[in-house]
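Trainee: Structure provided below as structure tokens; questions to follow.
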Amino acid sequence: MRALAFLLFAVTAVHAQPRTPALIPLPAEVEVRGGAPFMMAGTTPLVVDAGDAEAQRIAGVLAALVGNTVETTPPVVEAAPGGTPAVRLRIDAEAGHGAEGYALDVSAAGVELVASAPAGLFYGVQTLRQLLPARVEYEAALYAPLPIPSVRIADAPRYAWRGMMLDVARHFFGVADVERVIDLMALHKLNRLHLHLSDDQGWRIEIPSRPALARVGGRTEVGGGPGGYYTVEDVARIVRYAADRFVTVVPEIDLPGHTNAALVAIPELNCDGRARAPYTGTNVGFSTVCVEKEETWAFVEDVVASLAEQFPSDVIHLGGDEVEELTAEQYATFVTRAQAIVEAAGKRYAGWDDVAHAGLAPGALVQVWRAQRADVARQVEAAVADGAQVVLSPSDRIYIDMKYDESTVLGLTWAGVNGVRDAYDWDPGALLDVPEAAVLGVEAPLWAETISTIRDVEFLAFPRLAGVAEIGWTPQSARSWSGYRARLGAFGPRWTALGVNHFRSPEVDWSLGGVE
Ligand code: NGO
């Protein structure tokens with residue numbers, strides 16, 4: 001019975017096989033050699049160098065994946081008997097693949113994966129994972145062995161910053177949801193999770209020196225739900241979970257606007273000293289901390305110190321968007337002082353592109369969300385000339401909180417509708433008139449006015465987030481909508497196997513994935 005099932009699968013698999021394997025992001029160089037695949041089994045040894053604990057841990061990721069599907073978990077060993085088909089995973093600092101690159105060689109005789117650093121080895125394992133049949137993602141003993149097509153891959157990312165932002169302020173998402181997001185990011189070689197930890201509707205992180213922020217400011221969310229916040233222990237758990245998957249968690253506290261939740265929790269932050277009423281609507285621009293008061297600066301210092309302590313990220317994001325209640329001068333003074341506080345804490349300052357005209361000191365990171373506005377684009381270019389770098393999040397492309405099209409229920413439309421092709425088919429190197437080195441990377445923000453469950457998160461993120469992962473990773477010259485569209489169509493069964501609630505966009509031919 002089992003043999004028959006395997007035979008049937010093998011036949012459908014041959015017909016459904018696209019020419020380029022369904023890898024997302026597409027590696028920099030892929031050579032499909034044809035010929036017999038490598039057959040991975042529950043007994044296939046995963047061989048690492050003696051004493052290399054990181055290689056051992058990363059090999060364990062592959063072993064666990066395969067072990068989910070077949071009856072036994074492949075052993076991680078330091079030597080395999082001669083002639084045994086094996087998967088070798090090696091970290092060799094001299095191999096020349098950079099911090100995140102790797103080389104992968106698969107033939108019927110064996111698999112060789114080499115990286116120069118642990119992150120590269122992990123990404124090589126994600127590529128192997130995507131080369132394995134989608135059924136490897138099911139948590140059930142199914143069929144073995146698992147064929148891996150015979151390929152040669154040389155790979156490294158285009159950009160260092162390949163991110164997603166999750167707004168946990170408008171609606172709160174618990175630790176398990178964040179871990180799920182991190183898992184799905186890792187599958188697509190994304191490496192920055194930006195958490196938008198405060199806004200008018202909620203304050204989501206415990207700051208031990210200011211307990212009221214989370215305890216009082218964390219009680220609300222859009223629509224009147226219960227809200228919530230991460231304790232110091234929760235943050236530590238998220239940060240560790242992410243680090244194990246080579247994801248850096250970048251914290252954002254939005255200042256001086258988008259601060260109503262803080263103004264509820266700490267009355268002194270208001271110029272009149274009176275606590276504000278909680279807010280659960282979705283307007284923007286109405287709140288600000290009192291920039292003239294020293295209490296406000298003591299608060300900023302405390303918050304930044306705590307973020308610096310809780311997050312290993314070298315970047316702290318202090319928002320800065322949509323402030324309508326301050327004069328231009330008050331705003332600029334605030335941004336200058338905020339940047340200095342972040343830098344005094346040993347971190348790099350980041351803000352939304354609103355901060356670009358505030359006279360930033362060199363070294364700032366500007367997250368560009370309104371590049372479609374010529375005045376904003378020119379301000380950002382001027383900031384770059386003064387020594388800033390940019391992360392690109394153009395709202396008319398990769399704001400993945402926008403609807404896919406008029407028919408999708410979740411999402412906003414203020415920046416338009418962002419279809420799967422819109423989100424994919426643009427070049428980050430051509431968005432602004434800035435030197436290549438000024439672009440640190442790309443990030444897809446997922447604002448949470450309209451979403452409140454992980455199913456909603458997945459629906460808006462997939463497939464668009466996968467496209468952002470490819471924009472951030474793959475050389476522009478290797479990318480095309482038609483090639484991507486075909487790989488995406490074939491990728492569907494993997495998300496289905498993982499239970500990812502992805503949007504079956506009519507822009508994509510999902511039948512390329514075969515029978516799910
Ligand atoms: C804007 C605004 C956010 C909204 C989002 C919705 C920025 C940087 N500020 O983006 O407060 O949630 O749009 O798309």
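The values are calculated or read from the model by the stated rules, or taken from the named source; none is laboratory data. Fair warning: this is a prediction, and the values are worked out from it, not measured in the lab. Every residue, glycine among them, receives a Cβ derived from its backbone with ideal geometry; neighbour counts consider all protein chains shown. We work out accessible area using only protein heavy atoms, side chains counted, and drop any ligands, DNA or RNA first. Shrake-Rupley method; radii C 1.70, N 1.55, O 1.52, S 1.80 Å.
Trainee: Among the residues of segment 482-494, is any more than 26 Å from residue 223 (Cα to Cα) and within 16 Å of the ligand (Cβ to nearest atom)?
Mentor: Filtering segment 482-494 for residues more than 26 Å from residue 223 (Cα to Cα) gives 482-494.
The next check asks that each one be within 16 Å of the ligand (Cβ to nearest atom); those that pass are none.
No - not one qualifying residue is present in segment 482-494.
Trainee: Conditions: (1) over 20 Å from residue 260 (Cα atoms); (2) assigned to a loop (DSSP other than H, G, I, E, B). Residue 322 meets all but one. Number of the miss?
Mentor: Just one mismatch for residue 322, condition (1).
Trainee: While we're on this one: Mind telling me which of the residues 343, 329 ends up being under 27 Å from residue 162 (Cβ atoms), away from the ligand (no atom under 16 Å from the Cβ) and of a type outside the set (S, T, N, Q)? Walk me through how you get there before you give the answer.
Mentor: Details: 329 fails: under 27 Å from residue 162 (Cβ atoms).
Of 343, 329, the one residue that is under 27 Å from residue 162 (Cβ atoms), away from the ligand (no atom under 16 Å from the Cβ) and of a type outside the set (S, T, N, Q) is 343.
Trainee: Please go through (1) of a type in the set (A, V, I, L, M, F, W, C); (2) assigned to a loop (DSSP other than H, G, I, E, B); (3) over 30 Å from residue 438 (Cβ atoms) for residue 113 and return the number of the only condition it doesn't satisfy.
Mentor: Answer for residue 113: the failing condition is (2).
Trainee: Looking at segment 395-407, which of its residues are crowded, with 23+ Cβ neighbours inside 10 Å and within 11 Å of the ligand (Cβ to nearest atom)? Step through it out loud before you land on a result.
Mentor: Residues of segment 395-407 crowded, with 23+ Cβ neighbours inside 10 Å: 397-402, 404.
Hits for segment 395-407 are 399, 400, 401, 402.
Trainee: Name the residue that is nearest to the ligand (Cβ to nearest atom), counting only residues in segment 346-369 that are of a type in the set (Gly, Ala, Ser) and crowded, with 16+ Cβ neighbours inside 10 Å. Quick ask: steps written out before the conclusion?
Mentor: Step one: of segment 346-369, the residues of a type in the set (Gly, Ala, Ser) are 346, 350-351, 356, 358-359, 361, 363-364.
Pick out the ones that are also crowded, with 16+ Cβ neighbours inside 10 Å and you get 350-351, 356, 358, 364.
Working: 350: 12, 351: 10, 356: 13, 358: 15, 364: 16 Å.
Among those that are of a type in the set (Gly, Ala, Ser) and crowded, with 16+ Cβ neighbours inside 10 Å, it is 351.
Trainee: Only one residue in 181, 239, 250 is modelled with pLDDT of 95 or more, under 30 Å from residue 102 (Cβ atoms) and within 16 Å of the ligand (Cβ to nearest atom). Which one? Don't jump to the end; show me each part of the working.
Mentor: Values: 181 fails: within 16 Å of the ligand (Cβ to nearest atom); 239 fails: within 16 Å of the ligand (Cβ to nearest atom).
Being modelled with pLDDT of 95 or more, under 30 Å from residue 102 (Cβ atoms) and within 16 Å of the ligand (Cβ to nearest atom) holds for just one of 181, 239, 250, which is 250.
Trainee: Within segment 370-393, which residues are within 11 Å of the ligand (Cβ to nearest atom) and buried (at least 24 other Cβ atoms within 10 Å of the Cβ)? Working first, answer last.
Mentor: Within segment 370-393, the first condition is being within 11 Å of the ligand (Cβ to nearest atom), and the residues that meet it are 370, 393.
Matches in segment 370-393: 393 only.
Trainee: Something else now. Quick one: which residue in 300, 289, 216, 239 is free of Cβ contacts under 8 Å to residues at least 60 places away in the same chain, closer than 25 Å to residue 348 by Cβ and surrounded by fewer than 24 Cβ atoms within 10 Å (Cβ to Cβ)? Show your work before the answer.
Mentor: Details: 289 fails: surrounded by fewer than 24 Cβ atoms within 10 Å (Cβ to Cβ); 216 fails: closer than 25 Å to residue 348 by Cβ; 239 fails: free of Cβ contacts under 8 Å to residues at least 60 places away in the same chain.
It is 300.
Trainee: Identify all residues within segment 242-265 that are of a type in the set (A, V, I, L, M) and surrounded by 21 or more Cβ atoms within 10 Å (Cβ to Cβ); write none if there are none. Outline the logic, then answer.
Mentor: Let us first name the residues in segment 242-265 that are of a type in the set (A, V, I, L, M), namely 242-243, 247, 249-250, 253, 255, 261-265.
Of everything in segment 242-265, those that are of a type in the set (A, V, I, L, M) and surrounded by 21 or more Cβ atoms within 10 Å (Cβ to Cβ) turn out to be 242, 247, 249, 250, 253, 255, 261, 262, 263, 264, 265.
Trainee: Scan segment 198-221 residue by residue and report those that are more than 13 Å from residue 170 (Cβ to Cβ) and β-branched (Val, Ile, Thr).
Mentor: Passing the criteria: 205, 207, 216.
Trainee: A further question follows. In the list 29, 78, which residue meets the criterion of being among the acidic types (Asp, Glu) and within 16 Å of residue 105 (Cα to Cα)?
Mentor: 29
Trainee: Just to be sure I understand the filter: pairs with C-beta atoms under 6 Å, separated by 6 or more residues or on different chains, first member in segment 194-209 and away from the ligand (no atom under 16 Å from the Cβ), second member open to solvent by less than 10 Å² (accessible area, probe 1.4 Å). Which pairs pass?
Mentor: Within 6 Å, the pairs are 205/197; 205/230; 206/214; 207/213; 207/303.
Trainee: To continue, here is another question. Out of all the residues in segment 408-427, which are crowded, with 22+ Cβ neighbours inside 10 Å, more than 16 Å from the ligand (Cβ to nearest atom) and of a type outside the set (Phe, Trp, Tyr)? Steps first, please.
Mentor: Initially, segment 408-427 is screened for residues crowded, with 22+ Cβ neighbours inside 10 Å, giving 411, 418, 420, 423-424.
Subsequent filtering for residues that are more than 16 Å from the ligand (Cβ to nearest atom) retains 420, 424.
Residue satisfying the conditions is 420 alone.
Trainee: Out of segment 78-109, which residues are open to solvent by 40 Å² or more (accessible area, probe 1.4 Å) and assigned to a strand (DSSP E or B)?
Mentor: 88, 90, 105
Trainee: Then there's this: So in segment 326-345, with the set limited to residues that are under 23 Å from residue 204 (Cβ atoms) and open to solvent by 10 Å² or more (accessible area, probe 1.4 Å), which one is farthest from the chain's Cα centre (by Cα)?
Mentor: Among residues in segment 326-345 that are under 23 Å from residue 204 (Cβ atoms) and open to solvent by 10 Å² or more (accessible area, probe 1.4 Å), the one farthest from the chain's Cα centre (by Cα) is 341.
Trainee: Got a number for residues in segment 140-194 being polar (S, T, N, Q) and over 18 Å from the mean Cα position of the chain (by Cα)? Break it down stepwise before answering.
Mentor: Step one: of segment 140-194, the residues polar (S, T, N, Q) are 150, 191.
So of that shortlist, the ones also over 18 Å from the mean Cα position of the chain (by Cα) come out as 150.
Qualifying residue count, segment 140-194: 1.
Trainee: With respect to residue 223, is the statement that it is surrounded by fewer than 24 Cβ atoms within 10 Å (Cβ to Cβ), within 16 Å of the ligand (Cβ to nearest atom) and outside the structural domain of residue 104 (by TED's automatic domain parsing) true? Break it down stepwise before answering.
Mentor: Working: surrounded by fewer than 24 Cβ atoms within 10 Å (Cβ to Cβ): yes; within 16 Å of the ligand (Cβ to nearest atom): yes; outside the structural domain of residue 104 (by TED's automatic domain parsing): yes.
So residue 223 passes the test.
Trainee: In segment 121-167, which residues are open to solvent by less than 20 Å² (accessible area, probe 1.4 Å), closer than 30 Å to residue 197 by Cβ and not in a strand (DSSP E or B)?
Mentor: 122, 123, 126, 159
Trainee: Still on this model: Evaluate the following for residue 47: is it of a type in the set (Val, Ile, Thr) and at pLDDT 95 or above?
Mentor: Numbers: of a type in the set (Val, Ile, Thr): yes; at pLDDT 95 or above: yes.
Judged against the criteria, residue 47 is a match.
Trainee: Given the conditions (1) in contact with a strand residue (DSSP E or B) (Cβ under 6 Å, 6 or more places away or on another chain); (2) assigned to a loop (DSSP other than H, G, I, E, B), report the number of the one that residue 194 does not fulfil.
Mentor: (2)
Trainee: Any idea which of (1) in contact with a Cys (Cβ under 9 Å, 6 or more places away or on another chain); (2) part of a loop (DSSP other than H, G, I, E, B) is the one residue 296 doesn't satisfy?
Mentor: Residue 296 satisfies all of (1) in contact with a Cys (Cβ under 9 Å, 6 or more places away or on another chain); (2) part of a loop (DSSP other than H, G, I, E, B) except (2).
Trainee: Still on this structure, please answer the following. What's the total number of residues in segment 110-120 that are small (Gly, Ala, Ser), open to solvent by 10 Å² or more (accessible area, probe 1.4 Å) and closer than 17 Å to residue 47 by Cα?
Mentor: Summing the residues that are small (Gly, Ala, Ser), open to solvent by 10 Å² or more (accessible area, probe 1.4 Å) and closer than 17 Å to residue 47 by Cα in segment 110-120 gives 3.
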